[in-house]
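K.L.:
Dropping the structure in here first, questions after.
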Amino acid sequence: MKSAVVAVIFDHGKVLVIKRAEQVLGAGFWSPPAGKVESNEDQVEAVIREVAEEVGLTVRPLRCVWQCEADGVGTGYQLYWWLAEVVSGELYLASSEVAEVQWLEPEAFSGLSPTFPKGRQFFDLILPSLPEWERVRSLHR
């Protein structure tokens, strides 16, 4: 099975999500920035590269908090979900990969359409249970 990373980027109590562009796998779906791990890199390097390519931000990956098999169009991939924080950069869209971007509270993710079931599971069940997320939320209440 191939490996891919999902970058759960948080800032000021919100997370960054993208709507995938028409030319990429899963076109039109909302998700955090994500992409496959190249043969010459580890997961940390893949998180940093994918985020820079898709939305122009430099991030610091903190830790892998969940893994699952991809569903929908990404079958055949094991997804590694990484928490990451913004270090620098200006948000922009790589139009070849990203159609829209928004910062939102995790509870709002389930209101986006379409989304992958594993993405909804992450935002509904996994993220709220993480100590890092609880610290972020308590700072921004």
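K.L.:
Carbon and sulfur: what percent of the chain's accessible surface (1.4 Å probe)?
P.N.:
The C+S portion of the solvent-accessible surface of the chain is 50 percent.
K.L.:
Normalised by the number of residues in the chain, what is the relative contact order in percent for Cα pairs under 8 Å and 6+ residues apart?
P.N.:
For the chain, the relative contact order is 31 percent.
K.L.:
Mind ranking 22-29, 65-72 by how tightly packed they are, going by the mean number of other C-beta atoms within 10 angstrom, highest first?
P.N.:
Details: 22-29: 13.9, 65-72: 15.8.
Those peptides, ordered most packed to least, come out 65-72, 22-29.
K.L.:
While we're here: Only helical DSSP H runs with n ≥ 4 go in: add -39500 (n - 2.57) per run for the chain, normalise by residue count and round the 222 nm mean residue ellipticity to 500 deg cm²/dmol.
P.N.:
One gets -5500 deg cm²/dmol as the mean residue ellipticity at 222 nm.
K.L.:
Might you tell me the accessible area per residue for the chain, computed with a 1.4 Å probe and given in Å²?
P.N.:
Heavy-atom accessible area per residue stands at 50 Å².
K.L.:
How do the peptides 103-113, 81-91 rank, highest first, by the average count of neighbouring beta carbon atoms within 10 Å per residue?
P.N.:
Packing proxy ranking, top to bottom: 81-91, 103-113.
K.L.:
Tell me, what is the 1.4 Å probe accessible area of residue 92, in Å² to the nearest 10?
P.N.:
Here the residue's solvent-accessible area equals roughly 110 Å².
The values are calculated or read from the model by the stated rules, or taken from the named source; none is laboratory data. Remember, predicted model here, so these are calculated numbers, not experimental data. Every residue, glycine among them, receives a Cβ derived from its backbone with ideal geometry; neighbour counts consider all protein chains shown. Just the protein is used for accessible areas: all its heavy atoms, side chains included, with ligands, DNA and RNA removed. Shrake-Rupley method; radii C 1.70, N 1.55, O 1.52, S 1.80 Å.
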